[in-house]
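None of the figures in this text is laboratory data; all of them are computed from the coordinates on show. Not measured: the values here are computed from a predicted model. Backbone-built Cβ (ideal geometry, glycine too); neighbour counts: all protein chains shown.
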Ligand code: AP5
Ligand code: ZN
């Protein structure tokens, strides 16, 4: 089963994807994570990607489609969770073609609906475990012991370079201009299932589980 988690920055895509990985053995394909990895590679491509991401703009379709194609060919499991991909109509068409080439298809597109005010709060309070990638929030999901990851005991907590107000404004603009048309696109295909992303993390998880089972 292959699914897309679609929603604006801070909607909770990464949080829910990690849950599906743990409970269903699915494979999370986050283009954001792949690009953050490329950023640290020190290559020319990495430097270009870093500049674009930190400003909150979208990286070119060519680069992200290339990254996804590589992963689709090399990974296998109980289905893929596309997290933060596709983000443009060109990426959506490329994904359909890549899946068809592998004899696979898309099961569902889960649209995570959250209003803009909540997004700002979520992004400004987010931090991540530098060791295992678990996602936390200062108010809604703090660690049980301050500064120590609940999952792995790691003590290096990271805040993203693009999680500032200016870059978030650009990310939201990019979302509304280039990504939100995908809602209509997948609705017309009959693949779209909306969930209330404003609910508590566990409630959102339950809504997604209900759709998938
Ligand atoms: P990416 O890494 O994909 O970031 P994003 O889409 O902006 O999404 P986020 O990771 O910010 O949010 P999320 O929805 O995963 O929320 P999370 O679960 O962390 O992309 C970054 C950049 O890379 C882009 O700007 C672009 O430059 C580039 N890029 C990536 N993919 C690309 C593509 N396909 N094409 C072109 N460029 C691309 O949750 C947020 C916070 O809220 C956390 O603190 C969490 O604990 C909390 N939270 C989550 N759920 C809830 C809840 N239900 N209630 C309360 N708090 C909650
Ligand atoms: Zn950890």
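Can you tell me what share of the DSSP beta bridges in the chain is antiparallel? A percent to the nearest 5 is fine.
Values: 7 of 23 bridges.
Percent antiparallel among DSSP bridges in the chain is about 30.
Using helices alone, I'd like the mean residue ellipticity at 222 nm for the chain: each DSSP H run of four-plus residues gives -39500 (n - 2.57), total over residue count, nearest 500. Before the final figure, lay out the partial values.
Working: 9 runs with 100 residues, N = 213.
Calculated mean residue ellipticity at 222 nm is -14500 deg cm²/dmol.
Which number do you get for Rg(Cα) / (2.2 N^0.38 Å) in the stretch 49-113?
The value comes to 1.19.
Binning every alpha carbon pair distance of the chain at 5 Å from zero, what are the percents per bin?
Per 5 Å bin, starting at zero, the Cα-Cα P(r) for the chain comes out as 1, 7, 15, 19, 21, 19, 12, 5, 1, 0 percent.
Take 34, 1 and order them by how many other Cβ atoms sit within 10 Å, fewest up front. Intermediate values should be presented prior to the final figure.
Values: 34 20, 1 15.
Sorted ascending by nearby Cβ count, the order is 1, 34.
Report the equivalent ellipsoid semi-axes for the stretch 109-213 in whole Å, largest first, defined as the square roots of five times the eigenvalues of the gyration tensor built from alpha carbon atoms.
Values: eigenvalues 154, 73, 27 Å².
Output for the stretch 109-213: semi-axes of 28, 19, 12 Å.
Ranked by Cβ crowding within 10 angstrom, fewest neighbours first, how are 75, 111 ordered? Show your work: numbers first, answer last.
On the way: 75 11, 111 21.
Ordered by Cβ neighbours within 10 Å, fewest first: 75, 111.
In what order do 174, 117 fall by count of nearby beta-carbon atoms within 10 Å, going from fewest to most? Before the final figure, lay out the partial values.
Values: 174 19, 117 8.
By the 10 Å Cβ count, ascending, the order reads 117, 174.
Please quote Rg/Rh for the stretch 1-71 to two decimal places, taking the Kirkwood radius as Rh and restricting both calculations to Cα atoms. Let's see the in-between values first.
Values: Rg = 13.2 Å, Rh = 13.4 Å.
Across the stretch 1-71, the Cα-based Rg/Rh ratio is 0.99.
Take the Cα atoms of the stretch 143-202, find their three principal axes, and give me the spread along each one in whole Å, biggest first.
46, 30, 18
Per residue and in Å³, how big is the convex hull formed by the alpha-carbon atoms of the stretch 74-170?
Working: hull volume 15.1 nm³, N = 97.
Output value, Cα hull per residue: 156 Å³.
Relative contact order, percent, of the chain when contacts are C-alpha pairs under 8 Å separated by at least 6 residues?
After rounding, I find 29 percent.
What is the gain in length, in nm to one decimal, between residue 159 and residue 180 on full extension, counting 0.36 nm per residue of separation less the C-alpha to C-alpha distance?
Details: separation 21, 0.36 × 21 = 7.56 nm, distance 2.60 nm.
Additional length available on full extension: 5.0 nm.
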